[in-house]
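Right, one structure below, let's go through it.
The values are calculated or read from the model by the stated rules, or taken from the named source; none is laboratory data. All values reported here derive from a predicted model rather than from experimental measurement. Cβ: placed from backbone, ideal geometry, glycine included. Neighbour counts: every protein chain shown. The accessibility values were calculated without ligands, DNA or RNA, using every heavy atom of the protein model including side chains. Shrake-Rupley method; radii C 1.70, N 1.55, O 1.52, S 1.80 Å.
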Amino acid sequence: MFPRVTGRPALPYNRLAAFWRPLFDLTDSEVAPLRLRMIRPVAAWLADPASAAWPWFSRIGLPGLRRQVVRHAGLDRYDCHDPRDLPEELRTPGWTTLAETVDRFAELDHRARTLVVVQLTQLSYHPLALKLAGAVRPDGDPERDRYVYEVARVHAGCPGHAARALALFEDLATSSGGGPVALAACFQGIGHAIRDANDLARARRFEERGHDLAKPPDDWHSCLVGSRFHRAVALLRLKEGDTGAARRALAVAARLHDDLAVSPPTDADEMIVRENRRYLLELELAAETRGVPGPRTRSLCRELLRLDPYCVHARLLAGDGFAAAGDHAEAALWYSRAGELGTGAGATGWFRAAQCHDLLGDRAGAVNAMGRCLELDATAVEARDYLTG
């Protein structure tokens, strides 16, 4: 599906790898998307025995993403199903620490296990993370439940694991003592009941439990979880078709977000503030495009691009927003810029760019974009049909 490319420059001279560098060997890059910038702090916590930090990042990796990037960058030596299989000469100190910690997983406490599970998932090693974790259940212990929560998120990110994830989120929502993990499980449950199971009744049960648990936030992290919960409620209202109620829930989430943004305790928390704002922007865009897209739609798109300029999905969303607003030239630009970042999402970008070029009467631009789409995804039937039609 994803063609292997040959003849590309090695690191650090590889153009595509510069944007995805943390996936290759945990090296940070100022032109990586926000999701990948979050890899560095987790690696630092894992390497520091004195650290007591727990990860609160919402975005985790996508299954198979690392392999897509490695293939499109033409760096096959980095292609491995297990971080312990990466050749020694390609490893950074952080990668060596991760590999050694995976070997000692059974000896780790729940916080360290949580870090390993999160780091593996950030790097798209979902099957290994789940194999190491095994079957887990919450038991009311705060640290164990926090670990179970992250394992549930890995299940939620894996095709075919939605039922297991939702069952764990339900257990956490009812057995975690009413703390932030229980409310976090509620907002995860709402989102995945909608996206993975299309089960609105189940999503509403998570919402009801969340409202029972929600209290005025008394610290930075409870404020974060509260904002995320109301953001999930807004998603549910959108799914129900009630845009007005969705906007009201978004307003609550935004107020809590503003409190977060005043004084994030650490650099990692500052990343979380940006991440939270990005999620809010996505929902605001979704609400805006339910009506008549206009200047506000374009403004939201530009803010999203400023917030996460090197993210392929942010560029796709911006393209969608500009297209909804009738600005197909600007949409084609951002779809193409998404395509330049490779991966299956990049293939989608090139395809949508071609559609925009076609609407604009630019046959050459459409042909080029369809060809670029096929370079990233050889199974793109519609692109083939366009080029041969």
Residue (of Leu305, Val292, Ala268) at the positive-pole extreme of segment 255-309, dipole from beta-carbon charges: Val292
Carbon and sulfur atoms: what percent of the 1.4 Å accessible area of segment 118-231 do they account for? 51 percent
Sort 176-185, 147-156 for me by packing, meaning the mean count of neighbouring Cβ atoms within 10 Å per residue, highest on top. 147-156, 176-185
Order Leu123, Leu374, most accessible first, counting only protein heavy atoms with a 1.4 angstrom probe. Leu374, Leu123
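Which whole-number value in Å² is the accessible area per residue of segment 280-389, probe 1.4 Å?
Averaged over the residues of segment 280-389, the accessible area is 43 Å².
With a 1.4 Å probe and all protein chains kept in place, how do Arg237, Arg247, Arg146, Arg290 rank by accessible area, largest first? Write down the numbers at each step before the final one.
Details: Arg237 35, Arg247 105, Arg146 10, Arg290 130 Å².
Most to least solvent-accessible, the answer reads Arg290, Arg247, Arg237, Arg146.
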About the Cα centre, charge dipole magnitude for segment 17-154 (Lys/Arg +1, Asp/Glu -1 at Cβ), debye: 500 debye
Whenever you get a sec, compute what percent of the accessible area on segment 265-389 sits on carbon and sulfur atoms (1.4 Å probe). 52 percent
Note to self: with every protein chain in place and a 1.4 Å probe, segment 19-65 gives an accessible area per residue in Å² of 35 Å²
Which label belongs to the value computed from this structure, given these candidates for semi-axes √(5λ) of the Cα gyration tensor in Å: [x] 41, 23, 22; [y] 33, 29, 18; [z] 35, 22, 20? [y]
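Relative to the Cα centre, what is the charge dipole magnitude of segment 71-144, using +1 at the beta carbon of each Lys and Arg, -1 at the beta carbon of each Asp and Glu, and rounding to the nearest 20 debye?
200 debye
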Mean-position separation - Cα centroids, segment 312-353 and segment 11-35, in angstrom: 21 Å
Residue-count net charge about His192 - beta-carbon cut-off 12 Å; Lys, Arg +1, Asp, Glu -1: +1
Potential lengthening between Arg15 and Ala106 on full extension [0.36 nm per residue; Cα-Cα distance subtracted]: 28.9 nm
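Hey, got the dipole for segment 12-65? About the Cα centre, +1 on K and R Cβ, -1 on D and E Cβ, debye to the nearest 20?
220 debye
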Run the numbers for Asp85 and Ala44: contour at 0.36 nm per residue of separation, minus the present Cα-Cα distance, in nm. 12.6 nm
Solvent-accessible heavy-atom area per residue, rounded to whole Å², over segment 135-214 at 1.4 Å: 40 Å²
Which residue, Ala185, Thr174, Gln122, has the largest displacement toward the positive end of the dipole of segment 119-217 when charges sit on each Cβ (Lys, Arg +1; Asp, Glu -1)? Gln122
For Ala261 and Ala329, calculate 0.36 nm times their separation in residues minus their Cα-Cα distance, and state this gained length in nm to one decimal. 21.0 nm
How much accessible surface does His230 have with a 1.4 Å probe, in Å² rounded to 10? 40 Å²
Quick calc, Asp218 & Glu340: beta-carbon distance into FRET formula, R0 30 Å, rounding 0.05, result 0.10
Could you work out the relative contact order of the chain, using alpha carbon pairs under 8 angstrom and six or more residues apart, expressed as a whole percent? 12 percent
